[in-house]
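What follows is a set of notes on a single structure, which appears directly below.
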Amino acid sequence: MKRRDFLSSVALSCLFHSVSFQSDAWSQPNAAQNPAQAKAQSRFSYTDVVKRAKDLSIKDYVSKAPTLPDQLANLDFDSYRDIKFREDKTLLANGGGAFRMQLFPLGFLFKRSVMLNIVRDGLSTPIPYTLSLFDYGRAKFDKPLPIDTGFAGFRLYYPLSDTKSSDEVISFIGASYFRFISRGQKYGLSARGIAINAGIDGQPEEFPNFTEFWIQMPNAGSDTITVFALMDSPSLSGAYQFVYQMGQKSSVEVTSTVFARVDVVRPGIAPLTSMFFYGENNRRHHGDYRHELHDSDGLLVQNGTGEMLWRPLLNPNKANISAFLSKDIKGFGLMQRDVNFDHYQDLDLEYEKRPTYWVEPLEEWGEGQVELVEMPTTDETNDNIVAYWMPKAKMEAGQSYSFRYRITSLVDTTSINPGAYAVNTFQAPAHALGSNDKGPAGSTRFLIDFAGGELAYHQAFPDAVQVVATMSNGKVLRSFATPNREIEGFRVGVDVSVAPGQMGDVRVYLKSGLKTLSETWTMPWKGE
C-alpha cells in the first residue's frame, strides 16, 4: 500500500468545516450516579491499555479488515466529502468543558473501523454507531447500514482562536496518523504513532493501525484533554497516551509502550510526515504561479551535544535517506520556517500558516539516529517527506519498549535556537557572473542566508565573522560572507567540488573567534 493512501485520509479532514456548537444531544451516562458501584470498579487508565496491548501481542495478528457494505466501500471522493456529522449530535458538551467531538464515517479510503469510547469518572463507555449521527448527503442507500458499521476516526474542537466559536484542533483518522494545531495555524504536516521500514526500496512499509480509542471527558474550564489508543500490526502491538494542551503554542505529551511480535530492525519513533514539492533551493519549471509549495521546508536536529543541524528539504529524483547520528538526542522536527505569504501566493491553502512540529524526548533515548526520508513527487498532493528517530538496537521479538516525548506545534520556529539560523538556501554556478572560468567538473555554489542571534550586532564588524565550511568526499573551493542588511544577517557563499557520480555532505556554520554564532547548515551534493 502506498504511503499516500493513509496520508490522503488525514488531508481529507481539512475538507470538513469548523463550526460553532450550541448543544449536545448525545448524553454520556454519568458513572457517578451510583457512587458505590463506581467505587467498586477500577478506574480506567493507561495501565489498562498497556495490558490490552500486551495480551494482543501474544495472539496472531488478524490482517483482514471487516468487509464494508457496498454503499460505503464504493463511495467516491465527492460523495464521501458530502457526508457531515450532525451538529446536534456533537459529543463531550455535557461534561461542562470547552472541547467538542465529532466522528468520521467509514467509506471511500477509510475501510477499517475503530472503536471509540468516552471515559468519565473513571469508567469507559463505548460510543454506539447509529445512522442518525450523520447526514449522508447525496449518498443514497438501498438498505439500512448494519448497526455495527462503526467509525473511521474522530476529531476534536476547541475555541482556540475565538471564545465564541470552535476550531478543529485535533484529528485522528487513517492508520496511526494524527494532526493538531496552535492558534492561527492551518493543518499541514502529520504525526503518527510509529513507523516501520520507512523509505526502504524493495520492502513495503508497514503501517500499524490504531484500533481503539478512549477519550477522557475533560474537566470544566480545562484546556487539556487526554486520549488513549490501542495499536496493532503484524510486527507489534502498542498502547499510547496523548495529553493535549491547547493554546498559543499547543503541545501533546506522548507516552507509548510497544510489544514486538517479531524482530523490528527499522522502527521509527515519533515519526513526522510532510510534503515538499519545491522551494527556493530547488525550483523546477512547472508553470505554476506559486513560487514555493511545501508544508515543511527543512529538518532541524539538536543532537546530544546541543549542536543544531539544519537540513533544507529536497524533492529528489529518487528516494533518499539521510541519517544524523547522536546519543541522547535533544530534539528534532520538520519545520516551516518560511512564513512569508508572498513566497506562496495561495489564498486558499495558506502554506505560510502550516505548523512546525518539534519533538523533545522526555527521557534519555540512548544511541540512535534521526533519519530523513525524501521521496520524489510530481505534485503537491503527495506527502513525500518522513522524519523519525531510530534506535541503534533493533526491537527484539517478545520484548517491550517504552518512549515518552513531547510534540509542540510551533508558530515561531526561532524560539528553539537562540543562535543564528538559516533563512534561505540558493544554488548557483561556482563562478562569477560573466566569467569564462566555469570551475572544475562537479562544482556548484551554495548561498545560505543566516539571520538572528548576534548577527545584527556583527553587521558593523563583518570581518570578525568567519565561515567554517567542510565537505566529506569532496573539496571546499571557496567560502565568503557578505552582510545582508535586508535580514540583519549574512549571506554565505560556499563553492564545492565533488568527483562526477560521487556523493558528499557539505556543512557550514558561522563563528567569531571561539564563539559559534549559528546552527550548522548541511546538504548532500552529488557530482555531475
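The values are calculated or read from the model by the stated rules, or taken from the named source; none is laboratory data. Only a predicted model underlies this, so the values are computations on that prediction, with no experimental measurement involved. Because the Cβ atoms are built from the backbone with ideal geometry, glycine has one as well, and the counts that use them run over all protein chains shown.
In segment 363-406, what residues are within 18 Å of the chain's Cα centre (by Cα), hydroxyl-bearing (Ser, Thr, Tyr) and under 20 Å from residue 331 (Cβ atoms)?
Correct list: 388, 405.
Would you mind stating whether residue 171 is in contact with a Gly (Cβ under 9 Å, 6 or more places away or on another chain) and either among the charged types (D, E, K, R) or part of a loop (DSSP other than H, G, I, E, B) (or both)?
no
Would you confirm whether or not segment 115-129 contains a residue that is touching a strand residue (DSSP E or B) at 6+ places or on another chain (Cβ under 9 Å), over 29 Å from residue 243 (Cα atoms), surrounded by 12 or more Cβ atoms within 10 Å (Cβ to Cβ) and not hydrophobic (A, V, I, L, M, F, W, C)?
no
In segment 197-234, what residues are of a type in the set (S, T, N, Q) and without any contact (Cβ under 8 Å) to a residue 12 or more places away in the chain?
Selection gives 203 alone.
Out of 430, 422, report the one residue that is surrounded by 20 or more Cβ atoms within 10 Å (Cβ to Cβ), closer than 27 Å to residue 497 by Cβ and modelled with pLDDT of 95 or more.
Result of the check over 430, 422: 422.
Within segment 316-329, can one find any residue that is at negative phi and under 16 Å from the mean Cα position of the chain (by Cα)?
Within segment 316-329, none of the residues are at negative phi and under 16 Å from the mean Cα position of the chain (by Cα).
Name the pairs: first residue in segment 493-504 and β-branched (Val, Ile, Thr), second residue buried (at least 19 other Cβ atoms within 10 Å of the Cβ) and not in a strand (DSSP E or B), Cβ to Cβ under 7 Å, at least 6 apart or on different chains?
Note: pairs meeting the criteria are 496/474; 498/442; 498/474.
For segment 267-286, enumerate the residues that are more than 15 Å from the chain's Cα centre (by Cα) and at pLDDT below 95.
Within segment 267-286, 277, 278, 279, 280, 281, 282, 283, 284, 285, 286 qualify.
What are the residues in segment 289-321 that are within 29 Å of residue 346 (Cα to Cα) and acidic (Asp, Glu), if any?
Selection gives 292, 295, 297.
Applying the selection to segment 380-408, what residues are under 15 Å from residue 261 (Cα atoms) and part of a loop (DSSP other than H, G, I, E, B)?
Of everything in segment 380-408, those that are under 15 Å from residue 261 (Cα atoms) and part of a loop (DSSP other than H, G, I, E, B) turn out to be 394, 396, 397, 398, 399.
Suppose the filter is free of Cβ contacts under 8 Å to residues at least 40 places away in the same chain, surrounded by fewer than 23 Cβ atoms within 10 Å (Cβ to Cβ) and not acidic (Asp, Glu); does residue 243 pass it?
For residue 243, the condition - free of Cβ contacts under 8 Å to residues at least 40 places away in the same chain, surrounded by fewer than 23 Cβ atoms within 10 Å (Cβ to Cβ) and not acidic (Asp, Glu) - is met.
Among 374, 352, which is the only one that is surrounded by fewer than 19 Cβ atoms within 10 Å (Cβ to Cβ), in the same structural domain as residue 182 (by TED's automatic domain parsing), of a type in the set (D, E, K, R) and under 14 Å from residue 296 (Cβ atoms)?
None of the other options fit; the residue is 352.
List every residue pair whose Cβ atoms lie under 6 Å apart, where the two residues are 6 or more positions apart in sequence or sit on different chains, the first residue falls within segment 77-92 and is touching a residue at least 12 places away in the same chain (Cβ under 8 Å), and the second residue, located anywhere, is part of a loop (DSSP other than H, G, I, E, B) and acidic (Asp, Glu).
Final answer for the pair search is 90/24.
Conditions (1) outside the structural domain of residue 61 (by TED's automatic domain parsing); (2) buried (at least 18 other Cβ atoms within 10 Å of the Cβ); (3) among the basic types (Lys, Arg); (4) under 24 Å from residue 91 (Cα atoms), marked per residue:
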site: 176; (1), (2), (3), (4): no, yes, no, yes
site: 184; (1), (2), (3), (4): no, no, no, no
site: 195; (1), (2), (3), (4): no, yes, no, no
site: 198; (1), (2), (3), (4): no, yes, no, no
site: 204; (1), (2), (3), (4): no, no, no, no
site: 207; (1), (2), (3), (4): no, yes, no, no
site: 215; (1), (2), (3), (4): no, yes, no, yes
site: 227; (1), (2), (3), (4): no, yes, no, yes
site: 250; (1), (2), (3), (4): no, yes, no, yes
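Across segment 119-159, what is the number of residues that are in contact with a Ser or Thr (Cβ under 7 Å, 6 or more places away or on another chain) and among the basic types (Lys, Arg)?
Here the count works out to 2.
Among (1) in contact (Cβ under 8 Å) with a residue 60 or more places away in the chain; (2) out of contact with any Lys or Arg (no Cβ under 8 Å at 6 or more places or on another chain); (3) under 21 Å from residue 310 (Cα atoms), where does residue 356 come up short?
So the condition that residue 356 fails would be (2).
Do we have residue 326 as small (Gly, Ala, Ser), outside any strand (DSSP E or B), assigned by TED's automatic domain parsing to the domain that holds residue 242 and crowded, with 18+ Cβ neighbours inside 10 Å here?
When the stated conditions are applied, residue 326 does not pass them.
Scan segment 471-495 residue by residue and report those that are surrounded by fewer than 16 Cβ atoms within 10 Å (Cβ to Cβ), polar (S, T, N, Q) and in a strand (DSSP E or B).
Listed by number, the list holds a single entry, 482.
I'd like to check something: does segment 132-151 contain any residue that is crowded, with 18+ Cβ neighbours inside 10 Å, under 24 Å from residue 45 (Cα atoms) and either assigned by TED's automatic domain parsing to the domain that holds residue 210 or at pLDDT 90 or above (or both)?
The answer is yes, given that some residue of segment 132-151 is crowded, with 18+ Cβ neighbours inside 10 Å, under 24 Å from residue 45 (Cα atoms) and either assigned by TED's automatic domain parsing to the domain that holds residue 210 or at pLDDT 90 or above (or both).
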